[in-house]
Amino acid sequence: MTSTVTDQRPHRIAIFPGSFDPITNGHVDIIRRALRLFDGIVVAVLQNAAKQPHFSPEERVAIIREVFAGEAGVEVDTFDGLLVDYARRRQAAAIVRGLRAVSDFEYEMQMAHMNRHLSPTVETVFLIPDETNSFLSSRLVKEVFSLGGDVAAFVPPAVHRRLQETREATGGGPRAGR
Ligand code: PNS
């Protein structure tokens, strides 16, 4: 009798949550590192975060999907409410967060402890980006861009193109409420 060997290993996914307004090369770096540890990464865009985001949640999802087009291990979704509830619903093995510098540590520890209190079985895994990405943040990218600086080195081409489009659409001024 022939026996079939099946892979019984569970499909382990991790949630990479954030605002991603917009996704930067630092985020992409963390996602690629996380893909080496997990079978799948769900990039989870927080809905209703900042009052005046540059890109709407739907735009951010579309951009991130474009960045990872054709990569089966990356799913892009939105979430609302508590992150741990979303992680539980998705049966995630872990929440992934990036740690760029010591300055991130306090905020990230607070969140990790709060999330552990809310849901003791969901682990938070911290990954460290390449040092070339350690100074990057969405906030700085937007600030430099809004003041006319070149941000092409800090964001994926899809983000750069969309930023240029918004600049052309607004003539350099701020965008209307997202
Ligand atoms: O990229 P950001 O803005 O630093 O991401 C922050 C995020 C989205 C991870 C955090 O604000 C979050 O998890 N919000 C969901 C609401 C929640 O669960 N709050 C309690 C976490 S301590």
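The values are calculated or read from the model by the stated rules, or taken from the named source; none is laboratory data. Here the structure is a predicted model, which is why all the values come from computation and not from measurement. Don't worry about glycine lacking a Cβ; one is built from the backbone with ideal geometry, like all the others, and counts go over all protein chains shown. Side chains included, ligands, DNA and RNA excluded: accessible areas come from the protein's heavy atoms. Shrake-Rupley method; radii C 1.70, N 1.55, O 1.52, S 1.80 Å.
So, R0 is 22 Å and r is the distance between the beta-carbons of R9 and R36; what FRET efficiency does that work out to, to 0.05?
In this case the efficiency is close to 0.90.
So for the chain, Kirkwood radius off the Cα pairs, Stokes-Einstein at 37 °C and 0.692 mPa s: how many µm² s⁻¹?
Answer, rounded: 189 µm²/s.
Tell me which residues come under 5 Å, amide H to amide H, from T124 once H is placed; ignore anything under 5 positions away on its chain.
I95
Roughly how many nanometres apart are two label points built 7 Å out from the Cα toward the Cβ at V102 and F126?
1.2 nm
With θ set to phi - 60°, apply the Karplus curve 6.51 cos²θ - 1.76 cosθ + 1.60 along segment 146-152 and write out the HN-Hα couplings as whole Hz, x wherever there is a Gly or Pro.
Here the 3J(HN,Hα) series is 5, 9, x, x, 8, 10, 4 Hz.
Considering only protein heavy atoms and a probe of 1.4 Å, how much of the accessible area of the chain is carbon and sulfur, as a whole percent?
Roughly 54 percent, rounded to a whole number.
In whole Hz and in residue order, list the ³J(HN,Hα) couplings for segment 154-160 that follow from phi through the Karplus curve 6.51 cos²θ - 1.76 cosθ + 1.60, θ = phi - 60°; x for Gly and Pro.
Calculated HN-Hα couplings, in order: 10, 10, x, x, 4, 6, 4 Hz.
Net charge near L46: determine it from the other residues with C-beta under 10 Å of the C-beta of L46, scoring Lys and Arg +1 and Asp and Glu -1.
-1
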